[in-house]
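The structure appears right after this line, and notes come after that.
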Amino acid sequence: KANLTQNKVISGSEIYGDPLACLRDEYDAWFEYAKAKVPPEDYDIFIKTLDRQILLDKFNNGIQPQPLEYRHFGNDNNFHWVRLLLQMFKVIGSDDVYLFGYAFNIENEIRVRQALMLGAQTDLFTGLFNKSTTEALIGEEINKGTGILFLLDIDDFKGVNDRFGHEAGDCVLKYFLTCF
C-alpha cells in the first residue's frame, strides 16, 4: 500500500521476503530496489506499470493499471513468476492518490501455460514443430530479410509409412533431423 502523491510506502515495505528498512518508506526507493530484482527483458513492462509518475499520470487520465506478470530474482537466485494486481484511488477530501498492490506467485500457472503452448506447437508423435508453427517460424525469418531455407525431400517416404507404419516413419524423420 502506498501514497503515490507523497511518495510514501504505507505497508508492505518488504519485497520477495527481504525487509526493506533501508528504503525510508519511499515508493521511489522501493521501485528502484524492485526493478533491480527484475530481469532486463522485463524492465519495459515493469517500468511502464509501476513507475510512480507514470501511475499518477495514468490515474489523472482515468486509467487504472493493468495486471502485471513479470519475473523476479528470488532469494534463491532463481527467477520466479509473479502476477501483480493494482488498484488506485483518492481518499475523499484529499488529493492524495493511493495504490494497493497484491502479488501472487504464478509459477505453476506459467508452467502449465508453457506446456500447453508447446503441445499446441508440436507434433505429438515426433516432438517436431507442427505445420502451422513451422509456417509461422519460417514467415518470421523471411520478414527479417536474410537467411537460407533448406528443404529436404525424402524419396518414397510414404512407402516407409505404408510398409512399416507411422511410428517407424516418425523415427525416420527424427533420424534425418538429427543428421542436420
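If you take the beta carbon distance between Phe150 and Phe129 as r and set R0 to 22 Å, what does 1/(1 + (r/R0)^6) give as a FRET efficiency, to the nearest 0.05?
After rounding, the FRET efficiency stands at 0.90.
May I ask you to give the solvent-accessible area per residue for the chain, in square angstrom, as obtained with a 1.4 angstrom probe?
Accessible area per residue, the chain: 69 Å².
Give the label of the value calculated from the structure for Rg and Dmax of the Cα atoms in Å, choosing from (1) 16.8, 65; (2) 25.0, 82; (3) 19.2, 68.
(2)
Within a Cβ distance under 13 Å of Leu56, other residues only, what is the Lys/Arg minus Asp/Glu net charge?
Around Leu56, the charge tally is -2.
Quick check: residue separation of Leu118 and Asp57 times 0.36 nm, minus the Cα distance between them. What number comes out in nm?
Extra length available between Leu118 and Asp57 comes to 18.1 nm.
If I stretch the segment between Ile106 and Glu26 completely, what's the gain in nm (0.36 nm per residue apart, minus their alpha carbon distance), one decimal?
Gain on stretching Ile106 to Glu26: 26.1 nm.
Given the rule -39500 (n - 2.57) for each run of at least 4 DSSP H residues, summed and divided by the residues of the chain, what is its mean residue ellipticity at 222 nm, to the nearest 500 deg cm²/dmol?
It comes out at -13000 deg cm²/dmol, rounded to the nearest 500.
Which entries of Lys48/Lys90; Lys37/Lys90; Lys37/Lys58; Lys35/Lys131; Lys58/Lys144 show an alpha-carbon separation above 32 angstrom in the structure shown?
Violating the 32 Å Cα-Cα cut-off are Lys35/Lys131; Lys58/Lys144.
Report the net charge of residues surrounding Arg71, where surrounding means a beta-carbon distance below 15 angstrom and charges are Lys +1, Arg +1, Asp -1, Glu -1.
-2
Hey, can you rank 68-76, 113-121 by average C-beta count inside 10 Å, highest first?
Result, highest mean first: 68-76, 113-121.
What does the net charge come to around Asp162 if you take all other residues with beta carbon closer than 15 Å to its beta carbon, with K and R at +1 and D and E at -1?
Summing Lys and Arg as +1 and Asp and Glu as -1 gives -2.
Rank-order 93-102, 146-155 by packing density, defined as the average count of other C-beta atoms within 10 Å over each peptide's residues, highest first.
Taking the mean over residues of other Cβ atoms within 10 Å, the ranking is 93-102, 146-155.
Carbon-plus-sulfur fraction of the accessible area of the chain, 1.4 Å probe, in percent?
Carbon-and-sulfur percentage of accessible area, whole number: 57.
The values are calculated or read from the model by the stated rules, or taken from the named source; none is laboratory data. Everything quoted here is computed from the prediction, not taken from an experiment. Please note: Cβ atoms are built from the backbone with ideal geometry, for glycine as well, and neighbour counts cover all protein chains shown. These area figures cover heavy atoms from the full protein model, side chains too; ligands, DNA and RNA do not enter into them. Shrake-Rupley method; radii C 1.70, N 1.55, O 1.52, S 1.80 Å.
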